[in-house]
Amino acid sequence: MAEQEQPPFANVDPATAADARLQGRDPRKLDQAAENVLSYIYATLPSFPVYPGTRLPALAASSDGVDRISLLPDEPLRNIVARLPVKDAARTTVLSSRWRALWPSTPLVLIDSFLLPKGQGFRPTPANSPALTAAVSDILEAHPGPFRCIHLICTQSTYRNQLARWLQLLAAKAVQDLVLVNRPWPRDVPLPPTLFTITTLTRLYLGLWKLPDTAALRGASFPHLRELGLCSVEMEHGVVDSLVARSPVLEVLNILGCINGLRLRLLSQSLRCLQISCSKMEHIAVVKAPCLERLIIFGSGEIARGLCSRLKIGDVPKLHAFGYLDPGQVLQVRDTIIMPGIASTSTMMRSVKILSLNVRFGVRNEVKMVPNFLRCFPNAERLHILSEKCDKPTGNHLSLKFWEESGPIENVLSRINVMSIREFRGDPGEVGFLEFFFRNARALKTASVSMANPSFTPFSAEEAHAKVKYCYRNKASKSCHMVVRGSTGPSGGEVWRFKDGADFSFHDPFSQVLVR
């Protein structure tokens with residue numbers, strides 16, 4: 001999504017300005033910061049089940065003037081109505097008597113951004129916020145239900161009475177797919193507990209709210225919820241654990257932008273995919289998840305000076321794809337913490353076939369952990385490396401000699417057939433690893449090296465390219481095919497998108513980043 005232009009001071013929403021004054025901040029900067037957060041949230045939201053570019057079909061377009069579309073049975077016509085933007089869908093009621101009852105009898109799909117003036121995108125202004133809120137209220141009241149999909153991402157959070165009424169309607173009319181994003185600031189607006197009484201939900205995404213405490217969730221139950229997304233929400237420790245425990249068929253859990261220090265202790269008989277993005281993690285424990293196939297952690301920040309986040313993996317017999325594992329994290333497999341020199345059968349996770357690592361090749365202590373991490377996944381067949389920029393290298397880079405002296409690594413020698421490294425700059429530590437890998441990976445069939453964007457990181461792309469070719473010259477696999485790509489993307493590469501990780505039609509979720 002393109003970044004929105006910063007609005008003039010006169011157009012700042014009054015609630016935003018008032019909250020900014022309380023915090024002693026410029027409301028224009030606060031408003032722009034909010035828009036940046038919202039843009040990131042919007043990029044991670046699930047795809048809309050309608051077609052924004054769709055327009056009402058010309059019902060009398062045939063040369064003989066016969067309205068053949070209206071001759072179709074009710075079900076195909078309802079299918080057409082369900083895929084129209086809500087304004088066009090409602091307008092079908094005035095076409096003819098044939099169409100009059102179709103919209104009220106079609107499960108409602110309401111995306112409030114489609115009610116905004118053309119070209120405005122996701123951003124409502126103070127001038128049209130009351131009108132947008134009124135339009136949403138009218139539609140929710142008028143449609144008899146059921147509600148198939150309701151995405152409220154542009155309506156201002158200052159209309160608390162309307163929000164309470166909307167939640168009553170959503171519960172009464174059996175909403176299934178709900179996305180509810182607060183228009184900040186403030187970002188800690190309490191979310192009415194009424195939401196957690198809606199038992200018909202199959203997918204729920206919440207953004208920029210304050211969740212009720214665990215005591216308020218004791219009566220909650222989500223018997224049909226399969227996908228849950230929490231984006232930049234304020235919440236107590238234990239709330240996510242409680243929500244998961246009350247969702248017996250939950251398959252996908254996504255968490256974005258938790259800045260208060262995330263703690264999870266997960267037990268789930270149904271969870272297939274856990275994704276945590278751009279969150280400060282304190283302690284994540286996946287205690288028992290017999291169906292978990294994907295565990296993806298991207299952009300975990302430091303929780304405090306001198307402290308490391310801890311990731312504990314327990315009973316996950318089906319875990320297939322795991323990343324972006326950071327050697328700076330404390331990894332505990334079952335009861336053993338992975339440390340340099342420790343590698344035993346008790347620390348091995350043999351089910352993992354796709355592994356992704358974040359590596360700062362300029363930080364010696366982190367690089368020394370990489371061989372141990374690799375040995376934890378002896379059956380890994382695909383390895384993806386994200387080379388993170390290191391502003392303050394610690395000591396000399398570890399060269400080919402370090403990797404050779406670290407001893408044999410089973411998956412590198414005989415298993416890994418696909419390897420990619422992103423944000424490559426040709427630093428000595430990167431070159432040492434790449435040379436070691438090519439020399440030892442006998443099963444390698446495909447290798448991909450993606451350069452960093454030189455606009456953000458000063459390095460010579462030509463020199464880095466030459467270093468890759470140098471490393472490739474002594475490859476152990478004669479059938480290996482290598483591709484070297486440049487980059488015009490942002491510094492650090494593209495952000496992780498939940499829709500990539502939760503798309504089980506793709507065998508390798510990490511390879512998608514390379515081909516977007």
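Values computed for the structure shown
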| item | result |
| --- | --- |
| Test for ALA343: is it crowded, with 17+ Cβ neighbours inside 10 Å, modelled with pLDDT under 85 and closer than 25 Å to SER387 by Cβ | yes |
| Answer residue from the stretch 131-162, given it is farther than 20 Å from LEU191 by Cα, loosely packed, with under 14 Cβ neighbours inside 10 Å and of a type outside the set (A, V, I, L, M, F, W, C) and is modelled with the highest pLDDT among those | GLU141 |
| Residue that is surrounded by the fewest Cβ atoms within 10 Å (Cβ to Cβ) [pool: residues in the stretch 507-516 that are in a helix (DSSP H, G or I) and either in contact with a strand residue (DSSP E or B) (Cβ under 9 Å, 6 or more places away or on another chain) or basic (Lys, Arg) (or both)] | LEU514 |
| Helices (runs of 4 or more DSSP H) enclosed by the stretch 25-110 - at least 3 residues per element that are surrounded by 13 or more Cβ atoms within 10 Å (Cβ to Cβ) and modelled with pLDDT under 70 | 27-44 |
| Residues being at pLDDT below 95 and among the acidic types (Asp, Glu) - total across the stretch 237-251 | 0 |
| Residue under evaluation SER448, criteria (1) under 26 Å from PHE322 (Cβ atoms); (2) of a type in the set (Ser, Thr, Tyr); (3) free of Cβ contacts under 8 Å to residues at least 40 places away in the same chain, criterion not met | (3) |
| Filtered residues of the stretch 439-455 (kept if of a type outside the set (D, E, K, R) and within 21 Å of HIS384 (Cβ to Cβ)) | ASN440, ALA441, ALA443, LEU444, THR446, ALA447, SER448, VAL449, SER450, MET451, ALA452, ASN453 |
| Per-region count, the stretch 231-256, residues surrounded by fewer than 23 Cβ atoms within 10 Å (Cβ to Cβ) and within 16 Å of the chain's Cα centre (by Cα) | 2 |
| Condition check for ASN365: touching a residue at least 12 places away in the same chain (Cβ under 8 Å), part of a helix (DSSP H, G or I) and farther than 27 Å from HIS465 by Cβ | yes |
| Residue list for the stretch 423-447, filter: in contact with a helix residue (DSSP H, G or I) (Cβ under 7 Å, 6 or more places away or on another chain), assigned to a helix (DSSP H, G or I) and among the charged types (D, E, K, R) | GLU435 |
| Cross-chain or 6+ apart pairs with Cβ under 7 Å, the stretch 484-508 first and among the β-branched types (Val, Ile, Thr), then part of a loop (DSSP other than H, G, I, E, B) and open to solvent by less than 70 Å² (accessible area, probe 1.4 Å) | THR488/ASN453 |
| Subset of the stretch 168-182 (residues that are closer than 23 Å to ASN260 by Cα and open to solvent by 10 Å² or more (accessible area, probe 1.4 Å)) | none |
| Subset of the stretch 368-403 [surrounded by 21 or more Cβ atoms within 10 Å (Cβ to Cβ), of a type in the set (S, T, N, Q) and either without any contact (Cβ under 8 Å) to a residue 12 or more places away in the chain or in contact with a Gly (Cβ under 8 Å, 6 or more places away or on another chain) (or both)] | none |
| Verdict on SER399 being of a type in the set (Ser, Thr, Tyr) and closer than 30 Å to GLU293 by Cα | no |
| Test: residue in the stretch 451-462 that is modelled with pLDDT of 95 or more, of a type in the set (Ser, Thr, Tyr) and surrounded by 13 or more Cβ atoms within 10 Å (Cβ to Cβ) | no |
| Residue list for the stretch 475-506, filter: more than 28 Å from CYS231 (Cα to Cα) and either among the small types (Gly, Ala, Ser) or open to solvent by 60 Å² or more (accessible area, probe 1.4 Å) (or both) | ALA476, SER477, LYS478, SER479, HIS481, ARG485, GLY486, SER487 |
| Count - residues of the stretch 192-230 that are in a loop (DSSP other than H, G, I, E, B), farther than 22 Å from ALA174 by Cα and open to solvent by 10 Å² or more (accessible area, probe 1.4 Å) | 1 |
| When residues of the stretch 379-407 are limited to those that are in a loop (DSSP other than H, G, I, E, B) and either of a type in the set (Lys, Arg) or in contact with a Cys (Cβ under 8 Å, 6 or more places away or on another chain) (or both), the one nearest to ARG350 (Cα to Cα) | LYS389 |
| Failed criterion for SER420 (all others in (1) open to solvent by less than 40 Å² (accessible area, probe 1.4 Å); (2) in a strand (DSSP E or B); (3) free of Cβ contacts under 8 Å to residues at least 40 places away in the same chain hold) | (3) |
| Subset of the stretch 314-328 [among the charged types (D, E, K, R) and open to solvent by less than 10 Å² (accessible area, probe 1.4 Å)] | none |
| Residue check, LEU208 at pLDDT below 90 and closer than 27 Å to ASP503 by Cβ | yes |
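The values are calculated or read from the model by the stated rules, or taken from the named source; none is laboratory data. Not measured: the values here are computed from a predicted model. FYI the Cβ positions are ideal-geometry reconstructions off the backbone, even for glycines, and counts take in every protein chain you see. We work out accessible area using only protein heavy atoms, side chains counted, and drop any ligands, DNA or RNA first. Shrake-Rupley method; radii C 1.70, N 1.55, O 1.52, S 1.80 Å.
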